[in-house]
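**Q** Structure below; questions to follow.
Please treat every number below as a calculation from the coordinates, not as lab data. What you see is a predicted model; the values in this text were computed from it and never measured. When we count neighbours, we look across all protein chains shown, and the Cβ atoms used for this are built from the backbone with ideal geometry, even at glycine.
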Amino acid sequence: MDFSNIERYILEVRSAMEGLDTLTIQRVIEVIYNAYLNDQQVFIMGNGGSASTASHFACDLGKGTIVEGKKRFRVMSLNDNMALITAFSNDYGYEHVFSEQLKNLVQRNDVIIAISATGNSMNVLRAVEYAKDRQAYVIAFLGFNGGKLKKMANEYIHVENYNYGQVEDIHMLLSHMISQCLKEYIEKDSGNMGAK
């Protein structure tokens with residue numbers, strides 16, 4: 001049995017990881033941390049595998065960053081209310097499932113994290129457009145050539161790779177990395193931020 005495809009996959013993921021811009025990742029962490037400090041909401045969304053990443057990332061920010069005695073992140077995944085998703089999809093079309101949820105929730109200076117391998121998912125683009133109209137800050141996790149979302153986001157992390165699985169692997173790694181760095185920030189913060 002030939003296992004060269006395993007080695008190739010690992011090498012390709014490693015190469016894509018090495019191409020990440022660490023300064024951009026640091027800026028993204030700072031934006032999310034400032035949202036935390038200022039009691040802003042963080043909304044996360046994606047389609048397919050990126051929907052799972054959105055849910056996982058919301059879990060990591062909501063639970064994985066908890067520090068006893070400190071306030072917690074206000075975060076939610078827009079992928080997790082199936083009743084809302086199907087209602088909006090049925091009545092308005094699938095391209096509106098995220099933007100219609102944001103109309104209920106988003107406020108100025110909230111943070112939107114849009115996860116899309118191609119950067120061209122219409123429901124994500126519509127939500128980002130609405131969020132920017134409401135003066136929210138948009139972070140994108142991208143792959144491929146970045147698509148339309150690359151030009152719309154305030155900040156983006158671009159995985160230069162055209163394999164869906166490998167792009168999604170790295171997006172998940174980023175969610176873990178960012179969450180753990182944020183927890184360290186919260187642990188080191190000596191300010192008077194009582195748990196809420």
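**Q** Name the residues whose placed amide hydrogens come within less than 5 Å of the amide hydrogen of ALA140, ignoring near sequence neighbours (fewer than 5 apart) on the same chain.
**A** ALA114, GLU155, TYR156, ILE157
**Q** Cut-off is 10 Å between beta-carbons; in what order do PHE98, PHE88, PHE73 appear when sorted fewest neighbours first?
**A** Taking fewest neighbouring Cβ atoms as first place, the list is PHE88, PHE73, PHE98.
**Q** Turning to a different aspect of this structure: What is the gain in length, in nm to one decimal, between MET17 and GLU187 on full extension, counting 0.36 nm per residue of separation less the C-alpha to C-alpha distance?
**A** Using 0.36 nm per residue and subtracting the Cα-Cα distance, I get 58.5 nm.
**Q** Just from its helices, what would the mean residue ellipticity at 222 nm be for the chain, if runs of 4 or more DSSP H residues each count -39500 (n - 2.57) and the sum is divided by every residue, rounded to the nearest 500 deg cm²/dmol? Kindly include the intermediate steps, with their values, before the conclusion.
**A** Details: 8 runs with 104 residues, N = 196.
The helix contribution divided over the chain gives -17000 deg cm²/dmol.
**Q** Could you tell me which of TYR92, ASN81, VAL67 has its Cα farthest along the dipole of the range 50-134 towards the positive end, charges placed at Cβ (Lys, Arg +1; Asp, Glu -1), taken about the Cα centre?
**A** Positive-most Cα among the choices belongs to VAL67.
**Q** Taking the C-alpha atoms of the range 1-66, how large are the radius of gyration and the largest Cα-Cα span, Dmax, in Å?
**A** So, for the range 1-66, Rg and Dmax equal 16.4, 55 Å respectively.
**Q** Is there a pair in LYS150/LYS188; LYS63/LYS148; LYS103/LYS151; LYS71/LYS148 whose C-alpha atoms are over 26 Å apart, and which pairs would that be? The partial results should precede the final answer.
**A** Details: LYS150/LYS188 33 Å; LYS63/LYS148 32 Å; LYS103/LYS151 22 Å; LYS71/LYS148 36 Å.
Violating the 26 Å Cα-Cα cut-off are LYS150/LYS188; LYS63/LYS148; LYS71/LYS148.
**Q** Figure the gain on full extension for GLN135 and ASN104 (residue separation times 0.36 nm, minus the Cα-Cα span) and round it to one decimal in nm.
**A** Here the answer is 9.7 nm.
**Q** Express the C-alpha Rg of the chain as a ratio against the empirical globular expectation 2.2 N^0.38 Å, rounded to two decimals. If you can, show how the numbers build up before the last one.
**A** Values: Rg = 17.0 Å, N = 196, 2.2 N^0.38 = 16.3 Å.
Rg over 2.2 N^0.38 Å, computed on Cα atoms: 1.04.
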